[in-house]
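Participant: First the structure, then my questions, so here it is.
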Amino acid sequence: AALNALMTQRADAWVTERFLAKEMLRKNPAIRFHQGEMLFVERIAAAVAKGNTGLAGAWNQAFLQAQQDGSYAKISQKWFQEDIRCPD
């Protein structure tokens, strides 16, 4: 509804998730929207059941390996056209 209001000029701004906005702009190049600065950065993580240290450890190891061998960066470039990793 918020995007529709923006596109029909019933709203002057739309606050949304960064990659949703990028995709909307990519799919609609004729639209003259401008993406502003980010208001805040959210760090996200995988969730595992409390006490499931085996799964948490396996996830952390796989994630570290993907970071080290470059596959995370490759996937990031493929789907987002940029490196989406959070800085340390």
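The values are calculated or read from the model by the stated rules, or taken from the named source; none is laboratory data. None of these values were measured; they are calculated from a predicted model. Because the Cβ atoms are built from the backbone with ideal geometry, glycine has one as well, and the counts that use them run over all protein chains shown. Calculation scope for accessible area: heavy atoms of the full protein, side chains included, ligands and nucleic acids excluded. Shrake-Rupley method; radii C 1.70, N 1.55, O 1.52, S 1.80 Å.
Participant: Looking only at residues in the range 6-40 that are β-branched (Val, Ile, Thr) and touching a helix residue (DSSP H, G or I) at 6+ places or on another chain (Cβ under 9 Å), which one is nearest to TYR72 (Cα to Cα)?
Facilitator: THR16
Participant: Let me ask something else about it. Taking the conditions exactly as written (at pLDDT below 85 and over 24 Å from GLU82 (Cα atoms)), does MET38 satisfy them or not?
Facilitator: Here the answer is no, as MET38 does not meet what is asked.
Participant: Oh, and also: Go through the range 1-17 and report how many residues are open to solvent by 90 Å² or more (accessible area, probe 1.4 Å) and small (Gly, Ala, Ser).
Facilitator: Residues in the range 1-17 being open to solvent by 90 Å² or more (accessible area, probe 1.4 Å) and small (Gly, Ala, Ser): 1 in total.
Participant: Cβ contacts < 7 Å: first residue under 29 Å from ARG43 (Cα atoms) and without any contact (Cβ under 8 Å) to a residue 60 or more places away in the chain, restricted to the range 5-20; second residue open to solvent by 80 Å² or more (accessible area, probe 1.4 Å) and not in a helix (DSSP H, G or I), any location; separation 6+ or different chain. Result?
Facilitator: Pairs found: VAL15/LEU39; ARG18/MET38.
Participant: So which of PHE80, PHE33 ends up being modelled with pLDDT of 80 or more, within 30 Å of LEU6 (Cα to Cα) and open to solvent by less than 100 Å² (accessible area, probe 1.4 Å)?
Facilitator: The unique qualifying residue is PHE80.
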